[in-house]
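**Q** I am attaching a structure below and will ask some questions about it afterwards.
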Amino acid sequence: MADLVGVFAASHGPIIARDWETMPTGHRNKLAAGFDEIGRRLKACRPDLLVVISPDHWVNFFISNLPAVCIGIGEEHDGPPEPFMKKVFPHQRLKGHAAFGRHLLETALDGDFEPALSHRLKLDHGTCIPLWRIGVDIQLPIVPLIVNDLEEPMPSIRRCLAWGRLLRRAIESYPEPLRIAVLGTGGLSHSIGESTMGWIDEEFDHNCIKHFEDGQEERLAAFLTHALPRTGNGAHEIRDWVIAHAAAGSKGFELIDYFPSPETLVGAGFASWTVGK
Amino acid sequence: MTDYWLSKLFFDLQHDGKLAAEFRSDMAAVIGRYEIKPEIRKALLEDDVGTIAPRVNAYLLRFYFQIRGMPESEFMARLHALQQRKEAAHG
């Protein structure tokens, strides 16, 4: 059977890639430290594959066909198509893991979840900024779990918790002895392309962190269900952290760092979960 | 209310470098290929963020104004002006 060996979460944002070399050194160092620590912990887990939970920034999907959740079950995926990503993460192809992707899909369907599937996804900056900055081995197979965090209506927080539990069940029922890690990307608060653009809602962010630390799923769901419509639209990506959190059993959250990053327009968060049985 | 054809134009511009280049040299011609309503066409030609913003996903809106070459600081200033108008309207 496979084992869940590590669960992590990190922010992303196009400016991290676009302005990496030109942003103030002190700020770059703070961002780098958060990503580096995740990279160090991930490497220590010795994963055989990484499930990355991320939104799609209008790269694979459009409003003509927009899945709530899509699992990448292909042998490989395309690297990021955004021009600003090509200089920092020039990989055109990333390895997938078709067998685990298929197993996750079948486990979902068997559990009365109906995700979309894709045999080839384009993995945009949401996935690839964290992969780039944590220095992931490019040979490490990736199974993308794409969640609609961008266009309302979106999956409920309660459903995201259920997705996390389902992901855990799929990992633990996979018949091969793989070491599997999970990375949720996005958040914390930010506001993009709306009249509050640039707003970082620190109160929201600190409350999120507190609820992850407390580990009470119902309270986390109640808080986010109430708070998400009242903060910046980028905070919806917290769904990816929620799925990671539930995959970890909704316990063992450890904040690596949090700070508002007006330079990159995000509340920058870095976290890992202690994975217990 | 989401405007499908406006969204489609923005989506296509993001994905098709050639179309984006054509758009930069002749906006009206590219807009003419989509079922864009006259008032939205006017808003596009005038970079009227306030009219466009409520009709399209906010991330697509940001991509669009990057393609238009509007500096992000100016884009944000225009969005913030909308917020100030909203707040003024609510007293």
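**Q** Looking at segment B:15-66 only, could you name the residues that are outside any helix (DSSP H, G or I), within 20 Å of A:Pro83 (Cα to Cα) and touching a residue at least 12 places away in the same chain (Cβ under 8 Å)?
**A** Within segment B:15-66, none qualify.
**Q** Hey, can you tell me all the residues within segment A:115-155 that are assigned to a loop (DSSP other than H, G, I, E, B), in contact with a Lys or Arg (Cβ under 9 Å, 6 or more places away or on another chain) and not acidic (Asp, Glu)?
**A** Answer for segment A:115-155, where residues must be assigned to a loop (DSSP other than H, G, I, E, B), in contact with a Lys or Arg (Cβ under 9 Å, 6 or more places away or on another chain) and not acidic (Asp, Glu): A:Gly135, A:Val136, A:Ile138, A:Gln139, A:Leu140, A:Pro141, A:Asn148, A:Met154, A:Pro155.
**Q** Hey, another quick one. In segment A:80-109, how many residues are among the acidic types (Asp, Glu), surrounded by fewer than 15 Cβ atoms within 10 Å (Cβ to Cβ) and under 20 Å from the mean Cα position of the chain (by Cα)?
**A** Total meeting the criteria: 0.
**Q** Determine which single condition A:Arg239 fails, assuming it passes every other condition in (1) in a helix (DSSP H, G or I); (2) of a type in the set (D, E, K, R); (3) surrounded by fewer than 18 Cβ atoms within 10 Å (Cβ to Cβ).
**A** Against the list (1) in a helix (DSSP H, G or I); (2) of a type in the set (D, E, K, R); (3) surrounded by fewer than 18 Cβ atoms within 10 Å (Cβ to Cβ), A:Arg239 comes up short only on (3).
**Q** Evaluate the following for A:Ser195: is it within 14 Å of another protein chain (Cβ to nearest Cβ), small (Gly, Ala, Ser) and either over 18 Å from the mean Cα position of the chain (by Cα) or over 20 Å from A:Tyr258 (Cα atoms) (or both)?
**A** For A:Ser195, the condition - within 14 Å of another protein chain (Cβ to nearest Cβ), small (Gly, Ala, Ser) and either over 18 Å from the mean Cα position of the chain (by Cα) or over 20 Å from A:Tyr258 (Cα atoms) (or both) - is met.
**Q** Out of the residues in segment A:25-48 that are part of a helix (DSSP H, G or I) and of a type in the set (Asp, Glu), state the one that is surrounded by the fewest Cβ atoms within 10 Å (Cβ to Cβ).
**A** A:Asp36
**Q** Continuing with this model, one more query. Of everything in segment B:67-87, what is more than 9 Å from chain A (Cβ to nearest Cβ) and either assigned to a helix (DSSP H, G or I) or under 12 Å from A:Gly198 (Cα atoms) (or both)? Give them in sequence order.
**A** Correct list: B:Ile67, B:Ser73, B:Glu74, B:Ala77, B:Arg78, B:Glu87.
**Q** Which condition from (1) of a type in the set (Val, Ile, Thr); (2) in contact with a helix residue (DSSP H, G or I) (Cβ under 8 Å, 6 or more places away or on another chain); (3) buried (at least 22 other Cβ atoms within 10 Å of the Cβ) is the one that A:Thr127 breaks?
**A** Only one criterion is unmet by A:Thr127, namely (2).
**Q** Let me ask you something else. Considering only residues that are crowded, with 20+ Cβ neighbours inside 10 Å and away from every other protein chain (no Cβ under 13 Å), which ones fall in segment B:31-63?
**A** B:Ile40, B:Leu44
**Q** A further question follows. Is it true that B:Leu6 is more than 9 Å from every other protein chain (Cβ to nearest Cβ), touching a Lys or Arg at 6+ places or on another chain (Cβ under 6 Å), assigned to a helix (DSSP H, G or I) and modelled with pLDDT of 95 or more?
**A** yes
**Q** Follow-up. I'd like to check something: does segment A:56-79 contain any residue that is surrounded by fewer than 17 Cβ atoms within 10 Å (Cβ to Cβ) and under 17 Å from the mean Cα position of the chain (by Cα)?
**A** Checked segment A:56-79: no residue is surrounded by fewer than 17 Cβ atoms within 10 Å (Cβ to Cβ) and under 17 Å from the mean Cα position of the chain (by Cα).
**Q** Any idea how many residues of segment A:153-176 are farther than 18 Å from A:Lys251 by Cα and surrounded by fewer than 16 Cβ atoms within 10 Å (Cβ to Cβ)?
**A** Residues meeting the conditions: 5.
The values are calculated or read from the model by the stated rules, or taken from the named source; none is laboratory data. Bear in mind the structure is a predicted one, so any value in this text is a computation, not a measurement. In this analysis, Cβ positions are derived from the backbone assuming ideal geometry, glycine residues included, and neighbour counts consider all displayed protein chains.
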